[in-house]
Amino acid sequence: MEYRRLGSSGLSVSDLCLGTMTFGLACDEPLSHQIMDRAVDAGIDFLDTAEVYPVPPRADLVGVTEEIVGRWLQTKPRDSVTIATKVTGPRHGWFPAPVRGGRGFIDRHQILRSCDESLHRLQTDYIDLMQIHWPDHGMPYEEVLGALSELRDSGKVRVIGCSNETCWGLMKSLWAADKTGLARFETVQNNFSLINRRCESELAQVLRQERVSLLPYSPLGGGVLTGKYQDGPPPGARFTDYLTIGAERQKKMGQRFVNPRSLETTARLMQIAADLGVTVTALALAWSRQHDFVASTIFGVTSSEQLEQALAAADLILDAETLARIDQIDFEIPTPMTEDGLRRL
């Protein structure tokens, strides 16, 4: 496992990060603890969660993931693990999250309240990385950064970041921070994978020049890149449910991830992985890790077997020939994931 700095902060983390959005729904608490124990034993010291988890969000389960992580955290030295969480974005953004009566905003009041609630559920007195889950481009960044700076100055939060952010939004926030002396976003957590390579264009330039780290989520394309959708939507899979019984928003998300172009891309990547003698899971995670602007790649699992496949990426370095074969697929099938939602923010 390699360890990389988060932006220009003093924190460094393992270059693989365990995402926890399955804990409390797809994974019960004993399995969740088992997965976290194994990840830490393998060298992962970075866990990502959110107040709205598990996914898909439900009013009766909001905060359960943080509670599970919090009880597990009591079995480990607190300083040995970096914990990231998120305050939900505004209800007019991605969707009205079932927190605080469905009236989610990112004003000072709710940012401070969200942090205190997460600290209580996580059973800790500080959060290593506090992130905005999705932005509100109508809210002055000075207010958002001001509230987050209060949390940093009080010791409740060490580093701040954003998620699902546009190039404009990230630059606007950095400009506001530099102008006012408020805390800067050190990280941005966006969708980035072999079926969604948009971050390699404009956002990569911002990240390199401004010393901000990308924390890719869905590096396995929501499970599509594991190959499990190749023979049709498997029973019980997230996008199977989204496509068949989900609300309209969920159906559209499922179609963005699971479509003929993404499946053809996956089929070709599976051949490359087979030639290397590795799983396409390891291939996809290793590819993400080899980007210079990526600090840590966030992956989630629902079983110990899936975790072992992901851990195999820690020692996998893709050579120039393999990277060229991957790029050729992208040239022939550009942007298989036809839309990532950022244009609606």
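Quick look at the numbers
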quantity	calculated
Ala286 vs. criteria among the aliphatic types (A, V, I, L, M), closer than 30 Å to Thr82 by Cβ and in contact with a Lys or Arg (Cβ under 9 Å, 6 or more places away or on another chain)	no
Leading residue by the ranking (nearest to the chain's Cα centre (by Cα)) among those in region 312-336 that are farther than 14 Å from Ala273 by Cα and of a type in the set (A, V, I, L, M)	Ala314
Region 271-297: number of residues that are surrounded by fewer than 23 Cβ atoms within 10 Å (Cβ to Cβ), of a type in the set (Val, Ile, Thr) and in contact with a strand residue (DSSP E or B) (Cβ under 9 Å, 6 or more places away or on another chain)	1
Condition broken by Arg5, with the remaining ones in (1) basic (Lys, Arg); (2) free of Cβ contacts under 8 Å to residues at least 24 places away in the same chain; (3) in contact with a strand residue (DSSP E or B) (Cβ under 6 Å, 6 or more places away or on another chain) satisfied	(2)
Enumeration of residues in region 158-209 that are β-branched (Val, Ile, Thr) and more than 19 Å from Asp136 (Cβ to Cβ)	Val159, Ile195, Val206
Test result for Arg344, modelled with pLDDT of 95 or more, basic (Lys, Arg) and either under 18 Å from Arg198 (Cβ atoms) or surrounded by fewer than 20 Cβ atoms within 10 Å (Cβ to Cβ) (or both)	no
Pair list, Cβ < 6 Å and 6+ apart or interchain, from region 313-336 residues that are outside any helix (DSSP H, G or I) to residues that are β-branched (Val, Ile, Thr) and modelled with pLDDT of 95 or more	Ile333/Thr265; Pro336/Ile195; Pro336/Thr265
Subset of region 271-312 (residues that are closer than 15 Å to Lys228 by Cα, assigned to a helix (DSSP H, G or I) and hydroxyl-bearing (Ser, Thr, Tyr))	Thr281
Neighbours by Cβ (under 6 Å, 6+ apart or cross-chain): first from region 250-276, under 23 Å from Arg343 (Cα atoms); second among the charged types (D, E, K, R)	Arg256/Glu339
Residues satisfying the stated conditions in region 62-94, i.e. in a loop (DSSP other than H, G, I, E, B) and among the polar types (S, T, N, Q)	Gln74, Thr75, Thr88
Those residues of region 149-176 which are closer than 27 Å to Phe95 by Cβ, in contact with a strand residue (DSSP E or B) (Cβ under 9 Å, 6 or more places away or on another chain) and among the polar types (S, T, N, Q), in sequence order	Ser163, Asn164, Ser173
Hits in region 12-27 - residues which are of a type in the set (A, V, I, L, M, F, W, C), assigned to a loop (DSSP other than H, G, I, E, B) and under 14 Å from Val62 (Cβ atoms)	Met21, Leu25
Residues (in a loop (DSSP other than H, G, I, E, B) and either free of Cβ contacts under 8 Å to residues at least 24 places away in the same chain or among the small types (Gly, Ala, Ser) (or both)) located in region 164-183	Gly181, Ala183
Residue pairs meeting the criteria (Cβ under 6 Å; at least 6 apart or on separate chains; first touching a residue at least 12 places away in the same chain (Cβ under 8 Å), in region 33-47; second of a type in the set (Gly, Ala, Ser) and in a loop (DSSP other than H, G, I, E, B))	Phe46/Ser296
Residues satisfying the stated conditions in region 29-58, i.e. in a loop (DSSP other than H, G, I, E, B), at pLDDT 95 or above and closer than 21 Å to Ser114 by Cα	Thr49, Ala50, Glu51, Val52, Tyr53, Pro54
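Every residue, every condition in (1) farther than 22 Å from Asp340 by Cα; (2) surrounded by 17 or more Cβ atoms within 10 Å (Cβ to Cβ); (3) touching a strand residue (DSSP E or B) at 6+ places or on another chain (Cβ under 8 Å), yes or no:
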| site | (1), (2), (3) |
| --- | --- |
| Gly102 | yes, no, no |
| Ile111 | yes, yes, yes |
| Trp134 | no, yes, yes |
| Asp178 | yes, no, no |
| Phe192 | no, yes, yes |
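Results for (1) surrounded by 16 or more Cβ atoms within 10 Å (Cβ to Cβ); (2) part of a helix (DSSP H, G or I); (3) modelled with pLDDT of 95 or more, shown as yes or no for each residue.
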site: Ala204; (1), (2), (3): yes, yes, yes
site: Leu225; (1), (2), (3): yes, yes, yes
site: Tyr229; (1), (2), (3): yes, no, no
site: Gln250; (1), (2), (3): yes, yes, no
site: Gly254; (1), (2), (3): yes, yes, no
site: Thr265; (1), (2), (3): yes, yes, yes
site: Leu269; (1), (2), (3): yes, yes, yes
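The values are calculated or read from the model by the stated rules, or taken from the named source; none is laboratory data. From a predicted model like this one, the values you see are computed outputs, not experimental measurements. Counting neighbours? That spans all protein chains shown, and the Cβs are built from the backbone with ideal geometry, glycine included.
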